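Participant: Input: one structure, supplied below.
Bear in mind these aren't lab numbers, they're just calculated from the coordinates by the rules spelled out. Predicted, not measured: the structure shown is a model, and the values here were computed from it. Ideal geometry is used to build each Cβ from the backbone, glycine not excepted, and the neighbour counts take in all protein chains shown.
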Amino acid sequence: MAIGVSTYAYQHRADPSAPEPASLPAMLHEIADLGGQVFQVCDHPDLEALTPAGAAQLRAAAAERGLVLETGTRGTRPEHLRKHLGLAQSLGAVTVRSMAFATGDRPSHPEIVERLRAVVPEYAAAGVTLGLETYEQLTTTELLAIVEAVDSPHLGIVLDPANCLANLEHPRDVVRRLAHRVVNIHVKDFAFTRREGWAGFTLASCPLGEGQLDYLDLLDVVRPDPARVHQVLEHWLVPQDDAAATRATEADWTARSLRTLAGYQSGH
């Protein structure tokens, strides 16, 4: 089963304020060096800005390093999703992640269904699958109802159970309710820790295998098809004491988590 890394694991290292911000090609080569097989360019400004020549170069670099490219955006406006279908095709990507809402655009659930019914057949004709990610702005019930109303093998769910915690949904329940519609997995471990003074808790990301996400249970329940459902690492890294330490921690988490994820595959 293909495993890899999202641009969300490079938020601090790709920040324009970094001394040498990580570019998409630099991320691609690092992921390949770490043993990853998938690079998901998700919600990244350089994706929207790609020229045809830039897309061709990134696609060629991925092919040379043996990486699968995936893309990601937000929103369901048909014209926006058509643009990202074109970007996916230019990169040779067959999976596009999106979210139900985007900045300044919060359609009703019937409107989301109407939009998706208009554009998903175009994704299907191109051999590209669109996945809507789980997150707290929609309940699991609402997201599943939208996907099942469209009912296409080229529309499914990007499963990230950690995102549902803010909506008071238990990750194990989310996994079981959505397993049959999963087309992509975002791998993000998390931990609740007591705040100083014992007044409340902090929910934050952590390296895979060191938190409260039961990832082996997720694999058992979802039983993802290795030919089409890829597992992509992300982080919610809380800034460290200084920017340099934050970037170093982010790099360490990515390498360690990818090793852990590879170990899950070999032992599963």
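Participant: Considering only C-alpha atoms, what is the centroid distance from region 13-51 to region 80-126, in Å?
Facilitator: Using only Cα atoms to place each centre, the spacing works out to 22 Å.
Participant: What full-extension length gain, to one decimal in nm, is calculated for GLN137 and ARG256 as 0.36 nm per residue of separation minus the Cα-Cα distance? Can you show the working numbers first?
Facilitator: Working: separation 119, 0.36 × 119 = 42.84 nm, distance 3.03 nm.
Difference between extended and current length: 39.8 nm.
Participant: Helix by helix through the chain, keep the DSSP H runs that span 24 Å or more along the axis on Cα and average at least 0.0 on Kyte-Doolittle, and give those back in order. Intermediate results must be reported in sequence, preceding the final value.
Facilitator: Numbers: long enough: 109-126 (25 Å, 0.05); 243-267 (36 Å, -0.45).
Going by DSSP H runs, the hits are 109-126.
Participant: Grab the Cα-Cα distance for ASP220 and ALA166, subtract it from 0.36 nm times how many residues apart they are, and report the gain in nm with one decimal.
Facilitator: Fully extending the segment from ASP220 to ALA166 adds 17.0 nm.
Participant: Got the relative contact order for region 3-267 handy, in percent, Cα pairs under 8 Å and 6 or more residues apart?
Facilitator: 18
Participant: So, one more: Treat region 1-93 as a sphere of radius equal to its Kirkwood radius over Cα pairs and apply Stokes-Einstein at 10 °C in a medium of 1.306 mPa s; give the translational diffusion coefficient in µm²/s, rounded to a whole number.
Facilitator: In µm²/s, the coefficient is 118.
Participant: Further question: For each of ILE146, ILE112, ILE31, count neighbouring Cβ atoms within 10 Å of the residue's Cβ, then give the residues from fewest to most. All intermediate terms of the calculation are to be shown ahead of the outcome.
Facilitator: Numbers: ILE146 20, ILE112 23, ILE31 26.
Result, fewest neighbours first: ILE146, ILE112, ILE31.
Participant: How much of the DSSP bridge set in region 3-267 is antiparallel, in percent, rounded to the nearest 5? Before the final figure, lay out each step's value.
Facilitator: Details: 7 of 34 bridges.
The antiparallel fraction comes to roughly 20 percent.
Participant: Oh, and also: For THR51, THR246, what's the fewest-to-most ordering of other Cβ within 10 Å of each Cβ? Don't skip to the end; give the middle numbers.
Facilitator: Numbers: THR51 9, THR246 19.
Final ranking by Cβ density, sparse to dense: THR51, THR246.
Participant: For region 28-180, give me the percentage of DSSP beta bridges that are antiparallel, rounded to the nearest 5 percent.
Facilitator: Here the antiparallel bridges make up roughly 5 percent for region 28-180.
Participant: If we count other beta carbons within 10 Å of each Cβ, what is the order of LYS188, LYS83, fewest first?
Facilitator: LYS83, LYS188
Participant: Could you work out the equivalent-ellipsoid semi-axes for the chain, taking the square root of 5 times each eigenvalue of the Cα gyration tensor, largest first, in whole Å?
Facilitator: Working: eigenvalues 140, 115, 67 Å².
Semi-axes from the Cα gyration tensor: 26, 24, 18 Å.
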